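Below: one structure, written as structure tokens.
The values are calculated or read from the model by the stated rules, or taken from the named source; none is laboratory data. Please read all numbers here as calculations on a predicted model, not as lab measurements. Reconstructed Cβ throughout: ideal geometry from the backbone, glycine too, with neighbour counts over all protein chains shown. Surface areas here come from the heavy atoms of the whole protein model, side chains and all, with no ligands, DNA or RNA. Shrake-Rupley method; radii C 1.70, N 1.55, O 1.52, S 1.80 Å.
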Amino acid sequence: MDIGSAASAIAKCLVPCISSQIGYILSYKRNLEMLETKVQRLQATKDSVQHDVDDAERNGEEIKEIVKIWKKDAHKIVAEANKLIDTDVGYCLGQCPNLWKKNQQSKKFEEMTENISKLLAEGNFKNVSYRVASNVTVAPFCRDYQALDSRTSMLNEIKQALKDSNIYMIGVHGMGGVGKTTFVNELAWQVDKDGSFGIVVIATVTSSPDVKDIQDQIGDVLLNRKLEKGSETGRAAELRQRISQEKSVLIILDDLWSELDLTKVGIPYGSEFSGCKLVITSRNLDILTDMRAQKTFDLKALQEEDSWNLFQKMAGEVVNEFNIRQIAKKVAKCCAGLPLLIVTVAKGLRKKDTTSWKDALFQLEGFEKELKKRVYPTLMLSYNWLENEELKKLFLFIGSFGINVCNRKVEELFLYCRALDFYSHMHKLSDARNRHYKLINDLKASSLLLDSGQEHVKMHDVVRDMAKSMVSYPNYVVSSLTELKERQKIDQLQKCHYIVIYSSNIFELPEELECPELKILLIHYIALEKKVNVPDNFFSGMKELKSLDLRGMKFTPCLPPSLHLLTNLRSLKLFGCNLGDIRMIGELTHLEILNLEWSHIEELPKEIGHLTHLRLLNLTCCYCPRVIPANLTSSLRCLEELYMLVARQILWGVEGSQSQSNNASLRELRDLHQLTTLEISIEDTSVVPLDFQFPANLERYKIIIGDMWRDFHKFRDDDSRRLMLTYPGWQNKSLTTVQNLSLDNLKHRSDELLHIIKGLGKPHSSFPNLETLVLCNLSNMTEICCGAIPNHTFEKLKEIRVEGCDRYEFPNLETLVISSLNNLESVWPNQLALISFCKLRKISISGCQSLHYVLPISVAKEFRNLKYLHVKNCSIENIVEKGVGCDMTPVYIERLEVDDCPNMKTIVPSSVLFQSLTDLYVRRCKELANIIMPSRTTSLPKLRKLHIATEAHKLLQGKLRLQVSITTQNTCDCVSRDGDLL
């Protein structure tokens, strides 16, 4: 290459390079200005992001890590850019700018500008933070909660229920002062601590609910700020959206007094959002029902032990001082199990001396300052919120009546109320009773009555005393006649409306009680060895009496003459009394209720028939005369309820028999057109006409025909329609509503009963309402129905009990109990119309010595609802019939118990898969060698609990192969052995 060509090539390389460098110099000013603009923009963006970060931190939110990194990078690059901008490029020879440095500086401007542009693009954050799980920030030492056994068990139940995916709303109810708020605060603290919920919110609702306030309470926790929207609807939408962003939220709504519209508040729940669960509290159970709470818990007053434990913790060591401890225990007892009062009193006495403790006890025992000041206002709110005056009147009556009526049956209380003209606008006794039970349930729901079972009334001591303080008339509950006489001396009985005496120390009654305003007199002499005489003039001073309830009294040879003065008497109960001549009762023409239960009666006079207003007659378990005068029963035209169970000595008249023409016959019952309730036992079946039908209007009845009267104690209070028979000659045509039917050893002439429906009724719609059927000693019974079972027969049947019968077949059964069938070889045939047992859930079999197995293979796999099986004292070898082939038959039982089955060797055969079994109990099966056949160790995939009670020597000899904890009969020690679960 010549020199020219070389120069040309060099020029081609240098020109672009020189041009580029000259370009940086020429672009110096433009690059500087662009950099300054970018730095200003970055600084503004950085300030904006910082404002967002500050807002988020004030709201308690966590800043995203990428934002933190960006802020750090932005701060660094702004500082570097400003330093670069301020750098002096300098001059050459004192006058000319340094072109090289200017070139390099311009180049750095351009590079810095490009880096800032990238950072600006990265800083376009949609949000800079995220919401962390809210914590219930109550430390254990200051959250004002003391662990108590009764409360802890309920807390655990609620926490377990909150884990159920099908439950989204739980209710807690209880009377004022019982500690509902403290309880749910502790629940919130515990579930937040154990991480059960991402967010836990508590909002107080109160008796005057403000939706916006409730929204703000929830929003403060969820957003750490007030809701932004102005309208209630907009706030609800904002809240709903925010809640739905969380994985799991627990919202506690405390102190509801009326139904709250959760949609208006903005709380999504149930199918709308399964991540939100609610716990609501109220004094009134009905409110929880209206809110559709799926599970409710009744928070009761503390028991004595828990009360004392709480009191000790609140009062401190002072309660252990010798001269204070016994006083402290009495003070704690006076607080009546109400945490509100216990905490208030205990803290107030924490540093007090003995004198202060004694004064506090005096005030509390006298029902003074603290009780009224602290508790009454909360209880008065509940009273004021009762929905009508009728409910308030009943509440005051129960409370003012005294301690003893507050633990009595609802039915007894109803009879008192009826005598006092409660429900006077209701003509029928059954209608009035329904109203009474409804109001009692309302009072229980409001927590003013304690829930002590459907049939009993119980009121908390504090609530009762408040009610007594609200009535203007005095009432007395006394434990002895001495106390009653003392009150009589100082004229305390003049204005008294109710007197209640329960005592075993009544030796004689006063000659007369001067109580001109008395409405109810109840005297129960509770000693068994003797009766108390009633003086002739005893009733002279109580002419306004409407209800008289006496127990353990002696009225021989006749009733006291002063009784006829009680012309206003509506209810007379003489329980367990010795009664002579009682004809005088016929003069009490306003009487509606006559109860002679468990009394000895010399004669049931025809004068009883004069009680034309009588609606209830109770002769249960009376030692009655053998004769009831003819036409006496039928003359009681208004009678609605007749109780004659186990009045065994009564001889009913037989139509057409001259020898007993003066006796009332059963046909007289047909003339009682108002009769709705009948309880009667007829031991002599010959007095029952073959075509006899009971009154058609019966709504409740307990009827025994034959010698099954000895089993009357098996009646439950809720047995509203029960029939017990040992007499197949009578054909039931009228009692189609029977719910409980017992048949025992039914024989007619020389034939035993073979078919129930054919034997006892027409073959159409027999026993459509039957729920329980008991069959005893029907050894020849072959079928329930001769031929096809009629439509609707046994369609409500839930339980059957069989003793001494060999064969049966029922549809729609839920519970099956079989016992003492020594000849029974199989329960079901291999081929069965399985739709008849599609609801079967529980089977119990005992004393069947010929039974080889419980379930045939073909039946076992179809019983998908069968959850529980108990087999005891049977000779079975297998639970399920052994199958043929390799396929395993699925069985759906969840709990299996096997007791005292000596022939049982293997619980689970190789052909069966107990795929749902969680609990297995095997006890005293002497020959048991395997739980599962060795070839099928996967037959119990869900087994969680296995209890084996066997003989210790057998276990130690290794005859039973297990890998479980085994309880031995001899030592009750837990032994673990290696090996497969076989």
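State whether the residues of the range 555-562 include one that is surrounded by fewer than 18 Cβ atoms within 10 Å (Cβ to Cβ), in contact with a Lys or Arg (Cβ under 6 Å, 6 or more places away or on another chain), of a type outside the set (V, I, T) and modelled with pLDDT under 95.
No; the residues of the range 555-562 include none that is surrounded by fewer than 18 Cβ atoms within 10 Å (Cβ to Cβ), in contact with a Lys or Arg (Cβ under 6 Å, 6 or more places away or on another chain), of a type outside the set (V, I, T) and modelled with pLDDT under 95.
A quick yes/no check of all residues on (1) basic (K, R); (2) closer than 28 Å to I582 by Cα; (3) modelled with pLDDT under 85:
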position: K468; (1), (2), (3): yes, no, yes
position: S480; (1), (2), (3): no, yes, yes
position: L493; (1), (2), (3): no, no, yes
position: Y498; (1), (2), (3): no, yes, no
position: E511; (1), (2), (3): no, yes, no
position: L521; (1), (2), (3): no, yes, no
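Kindly provide the set of residues from the range 258-288 that are hydroxyl-bearing (S, T, Y), at pLDDT 90 or above and either loosely packed, with under 15 Cβ neighbours inside 10 Å or farther than 23 Å from W189 by Cβ (or both), ordered by number.
T263
Closer than 26 Å to S911 by Cα, out of contact with any helix residue (DSSP H, G or I) (no Cβ under 6 Å at 6 or more places or on another chain), modelled with pLDDT of 70 or more and part of a strand (DSSP E or B) - does that describe any residue in the range 798-817? First the steps, then the outcome.
Residues of the range 798-817 closer than 26 Å to S911 by Cα: 816.
From the residues that got through so far, the ones that are out of contact with any helix residue (DSSP H, G or I) (no Cβ under 6 Å at 6 or more places or on another chain) too are 816.
Among the residues that remain, those that are also modelled with pLDDT of 70 or more are: 816.
Next, only the ones that are part of a strand (DSSP E or B) stay: 816.
Yes, that holds for at least one residue.
Hey, any hits in the range 675-694 for a residue that's in a helix (DSSP H, G or I), small (G, A, S) and surrounded by fewer than 19 Cβ atoms within 10 Å (Cβ to Cβ)?
Pass one, the range 675-694, residues in a helix (DSSP H, G or I): 685-687.
Filter once more, keeping what is small (G, A, S): 686.
Okay, now just the ones that are also surrounded by fewer than 19 Cβ atoms within 10 Å (Cβ to Cβ), so 686.
Yes, the range 675-694 contains at least one residue that is in a helix (DSSP H, G or I), small (G, A, S) and surrounded by fewer than 19 Cβ atoms within 10 Å (Cβ to Cβ).
Taking only the range 572-587 into account, find how many residues are more than 20 Å from N631 (Cβ to Cβ) and without any contact (Cβ under 8 Å) to a residue 60 or more places away in the chain. Give the derivation first.
Filtering the range 572-587 for residues more than 20 Å from N631 (Cβ to Cβ) gives 572-581, 584.
From what's left, without any contact (Cβ under 8 Å) to a residue 60 or more places away in the chain: 572, 574-581, 584.
Number of matching residues: 10.
Would you pick out the residues in the range 525-551 that are in contact with a Phe, Trp or Tyr (Cβ under 7 Å, 6 or more places away or on another chain) and open to solvent by 10 Å² or more (accessible area, probe 1.4 Å)?
I526, V534, R551
Take the range 440-454 and flag every residue that is in a loop (DSSP other than H, G, I, E, B) and modelled with pLDDT under 75.
S447, D451, S452, G453, Q454
Residues that are under 20 Å from D298 (Cα atoms) and not β-branched (V, I, T): which helices (runs of 4 or more DSSP H) entirely in the range 163-249 hold 1 or more of them?
Details: elements: 180-193, 211-223, 232-244.
Hits in the range 163-249: 180-193.
Taking Q160 as meeting all but one of (1) in a helix (DSSP H, G or I); (2) surrounded by 15 or more Cβ atoms within 10 Å (Cβ to Cβ); (3) not aromatic (F, W, Y), write down the number of the exception.
With respect to (1) in a helix (DSSP H, G or I); (2) surrounded by 15 or more Cβ atoms within 10 Å (Cβ to Cβ); (3) not aromatic (F, W, Y), Q160 is out only on (2).
Return only the number of the condition from (1) in contact (Cβ under 8 Å) with a residue 40 or more places away in the chain; (2) open to solvent by 10 Å² or more (accessible area, probe 1.4 Å); (3) in contact with a helix residue (DSSP H, G or I) (Cβ under 8 Å, 6 or more places away or on another chain); (4) not aromatic (F, W, Y) that T889 does not satisfy.
T889 satisfies all of (1) in contact (Cβ under 8 Å) with a residue 40 or more places away in the chain; (2) open to solvent by 10 Å² or more (accessible area, probe 1.4 Å); (3) in contact with a helix residue (DSSP H, G or I) (Cβ under 8 Å, 6 or more places away or on another chain); (4) not aromatic (F, W, Y) except (1).
Please identify the pairs in which a residue from the range 196-222 that is more than 18 Å from K264 (Cβ to Cβ) has its Cβ atom under 9 Å from the Cβ atom of a residue that is open to solvent by less than 30 Å² (accessible area, probe 1.4 Å) and among the acidic types (D, E), counting only partners at least 6 apart or on another chain.
I199/D192; V200/D192; I202/D254
Checking H870 against (1) surrounded by fewer than 18 Cβ atoms within 10 Å (Cβ to Cβ); (2) assigned to a loop (DSSP other than H, G, I, E, B); (3) of a type outside the set (G, A, S): exactly one of these is not met. Which one?
Exception for H870: condition (2).
Just give me the residues in the range 398-420 being more than 16 Å from Y473 (Cβ to Cβ), in contact with a Lys or Arg (Cβ under 9 Å, 6 or more places away or on another chain) and at pLDDT 90 or above, in sequence order.
Across the range 398-420, the qualifying residues are F414, L415, R418, A419.
Of all the residues that make up the range 302-315, how many are part of a loop (DSSP other than H, G, I, E, B) and open to solvent by less than 20 Å² (accessible area, probe 1.4 Å)?
If we filter the range 302-315 for residues that are part of a loop (DSSP other than H, G, I, E, B), which is where we start, we get 302-303.
Filter once more, so that each one left must be open to solvent by less than 20 Å² (accessible area, probe 1.4 Å): 302.
Selection size over the range 302-315: 1.
Quick grid of which residues meet (1) free of Cβ contacts under 8 Å to residues at least 40 places away in the same chain; (2) among the hydrophobic types (A, V, I, L, M, F, W, C):
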position: K229; (1), (2): yes, no
position: E238; (1), (2): yes, no
position: Q241; (1), (2): yes, no
position: I251; (1), (2): no, yes
position: N284; (1), (2): no, no
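Scan the range 837-867 for residues that are assigned to a loop (DSSP other than H, G, I, E, B) and of a type in the set (G, A, S) and report the count.
Of the residues in the range 837-867, the ones assigned to a loop (DSSP other than H, G, I, E, B) are 838-841, 847-852, 856, 861-867.
Narrowing further to those that are of a type in the set (G, A, S): 847, 850.
Of the residues in the range 837-867, 2 are assigned to a loop (DSSP other than H, G, I, E, B) and of a type in the set (G, A, S).
Could you identify the single residue in G23, G60, G90 that is modelled with pLDDT under 75 and within 30 Å of L222 (Cβ to Cβ)?
G60
I need the full set of residues from the range 601-646 which are assigned to a strand (DSSP E or B), buried (at least 17 other Cβ atoms within 10 Å of the Cβ) and under 47 Å from the mean Cα position of the chain (by Cα), in order please. Full working, then the answer.
Of the residues in the range 601-646, the ones assigned to a strand (DSSP E or B) are 601, 616-618, 623, 629, 641-644.
Now drop any that are not buried (at least 17 other Cβ atoms within 10 Å of the Cβ), which leaves 601, 616-618, 629, 641-644.
Scanning the range 601-646 gives I601, L616, L617, N618, E641, L642, Y643, M644.
Quick check on the range 856-915: of everything there that is of a type in the set (S, T, N, Q) and within 18 Å of K839 (Cα to Cα), which residue is modelled with the lowest pLDDT? So that I can check it myself, show each step before the final result.
In the first step, residues of the range 856-915 are kept if they are of a type in the set (S, T, N, Q); the result is 858, 865, 873, 875, 878, 889, 903, 906, 910-911, 915.
If we keep only those that are within 18 Å of K839 (Cα to Cα) too, we end up with 858, 865.
On the way: S858: 77, N865: 87.
Once the filter is applied, the top-ranked residue is S858.
Answer yes or no: is there a residue in the range 318-327 that is among the aromatic types (F, W, Y), without any contact (Cβ under 8 Å) to a residue 40 or more places away in the chain and surrounded by 14 or more Cβ atoms within 10 Å (Cβ to Cβ).
So the first thing to find is which residues in the range 318-327 are among the aromatic types (F, W, Y), and the list is 322.
Okay, now just the ones that are also without any contact (Cβ under 8 Å) to a residue 40 or more places away in the chain, so 322.
After this cut, where a residue has to be surrounded by 14 or more Cβ atoms within 10 Å (Cβ to Cβ) as well, the list is none.
Checked against the condition, which is being among the aromatic types (F, W, Y), without any contact (Cβ under 8 Å) to a residue 40 or more places away in the chain and surrounded by 14 or more Cβ atoms within 10 Å (Cβ to Cβ), the range 318-327 yields no hits at all.
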